Amino acid sequence: MIDFDPQQFENELETLKPAKPSQQSLQRIRAELTYTSKFAVPSGLPATTAINWNSIFRWFAPVTAAAAIAVLLLLHFHRTEIKTPPKSRPVASSSTMPVLRADKVEIDRQFVADFDAVTELPNGQPLRFRCEQWLDKVRLRDSAAGLMIERTTPRVEIVPVRFDTY
């Protein structure tokens, strides 16, 4: 078994003198240096004018995500504004109530969220579901009577999905 002492080995390395490089090695290094200096940033321009595309693309994804979230929030708040009818009229009795003539009808479906769920059947076999939450909205407007009826209904769609085996 060889006894190795790292401190002794380090002391021996410190006493050694490096050899001078050969003329061939020096010529090759000088040739490499002159070749790479042709492609360096010109000395008349400061080094900071070179564009670092990696840092630009590194910031591009988070900035894009933040802008998309801001746009989605603006659209969400714009849609959920409470709108009042132009004028209110007293409600008449059922015998004198005029027929509603809707001159503007809006039907809107808004996607709220989606997620996957997994459960087990009584026989122990796993079952996967794809769940989607929707918000259905219907607006009827009778401009002549100054009446607007709005109904909003949440809806959940559940679709069984089979597990794929690869």
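Every read-out reported here was derived from the displayed coordinates using simple, explicitly stated rules and does not represent laboratory data. No experiment lies behind these values; they were computed from the predicted model shown.
A few remarks follow.
- The length gained on full extension between ALA66 and ALA144, counted as 0.36 nm times the residue separation minus their Cα-Cα distance, comes to 23.7 nm.
- Applying 0.36 nm per residue to the separation of ARG151 and ARG101 and subtracting their alpha-carbon distance, the gain on full extension is 16.3 nm.
- Between ARG130 and GLN24, the contour length at 0.36 nm per residue exceeds the alpha carbon distance by 31.2 nm.
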